[in-house]
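The values are calculated or read from the model by the stated rules, or taken from the named source; none is laboratory data. Note that the coordinates shown come from a computational prediction; the quantities given were computed from them, not determined experimentally. Here the Cβ positions follow ideal geometry from the backbone for every residue, glycine too, while neighbour counts run over all protein chains shown. All accessible areas refer to the heavy atoms of the entire protein, side chains included, with ligands and DNA or RNA removed. Shrake-Rupley method; radii C 1.70, N 1.55, O 1.52, S 1.80 Å.
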Amino acid sequence: SVEEKVVDIFNDHFYDSGKVNIDGSILKCWKAGGHGSQTFLEVLQNSCNPGFVKMGGLLGKETLFSYIDLFGFGKKTGIDYHGEAYGLLLNEEVVRGCDLARIGFGQTIAVSGIQLACATASAVNGGYYYTPRLVKKIYAEDGNVLEEKQTSLKNRTISEKTSALLAEMLEGVVRDGSGKKAYIDGYRGGGKTGTAQ
């Protein structure tokens, strides 16, 4: 939503009553009664599911799925290890409004730990998605390097400007929002609490 500028995260407001009806499906916020009026930055900080439903709807299915693809969900990362999972992702053609709404806050999609790590790294490192590697160098018994794995840029996910803003926003989640228990005074860190079922 930040990259596409579908909302002004600092100034546009969203009213969370605690639930939203999408195609007859009632999707609830984790906070009974909702968060009331909040900016979209506060939607992120509060981990407000109905707010993410709204952002997913504003992005639309085609755009949301283009980002799902760029961030590597639903496909292997290419890590140098056998047995990597694809995760679970509905085909875009069969996604209905209620599916899109759920995907917006983390339901109706399943990702592997390595997919999440790669996507998170890309989100805050300037928008660069690198193929992950478990092995950097292989040494011989005498200490000589037999093989060295090179860093491989797979694609760009978002702009450097958006990435910097997103890093600040995620820092705000642990400093001011639902992730306060992870805040460590004197250290910069960010996060996003999970409220998907």
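Descriptive notes on the structure:
- Strands (runs of 3 or more DSSP E) within segment 132-197 that include 1 or more residues within 25 Å of Lys5 (Cβ to Cβ): 153-156
- Hits in segment 43-59 (condition: of a type outside the set (S, T, N, Q), open to solvent by less than 20 Å² (accessible area, probe 1.4 Å) and more than 15 Å from Phe10 (Cα to Cα)): Cys48, Pro50, Val53, Gly56
- Scanning segment 88-129 for residues that are hydroxyl-bearing (Ser, Thr, Tyr), in a loop (DSSP other than H, G, I, E, B) and touching a helix residue (DSSP H, G or I) at 6+ places or on another chain (Cβ under 7 Å) yields a single hit, Thr108.
- Checking each residue in segment 101-122 for being crowded, with 18+ Cβ neighbours inside 10 Å and either touching a residue at least 60 places away in the same chain (Cβ under 8 Å) or among the small types (Gly, Ala, Ser) (or both) picks out Ala101, Arg102, Gly104, Phe105, Ser112, Ala119, Ser122.
- Flag if Ala85 is open to solvent by 40 Å² or more (accessible area, probe 1.4 Å) and outside any helix (DSSP H, G or I): yes
- Applying the criterion of at least 3 residues that are of a type outside the set (Phe, Trp, Tyr) and modelled with pLDDT of 95 or more to the strands (runs of 3 or more DSSP E) found wholly in segment 10-71 leaves 19-22, 36-39.
- When Phe14, Phe40 are screened for being closer than 27 Å to Ala117 by Cβ and surrounded by 20 or more Cβ atoms within 10 Å (Cβ to Cβ), only Phe40 passes.
- Any hit, segment 116-134, residues being under 30 Å from Ile26 (Cβ atoms) and in contact with a Phe, Trp or Tyr (Cβ under 7 Å, 6 or more places away or on another chain): yes
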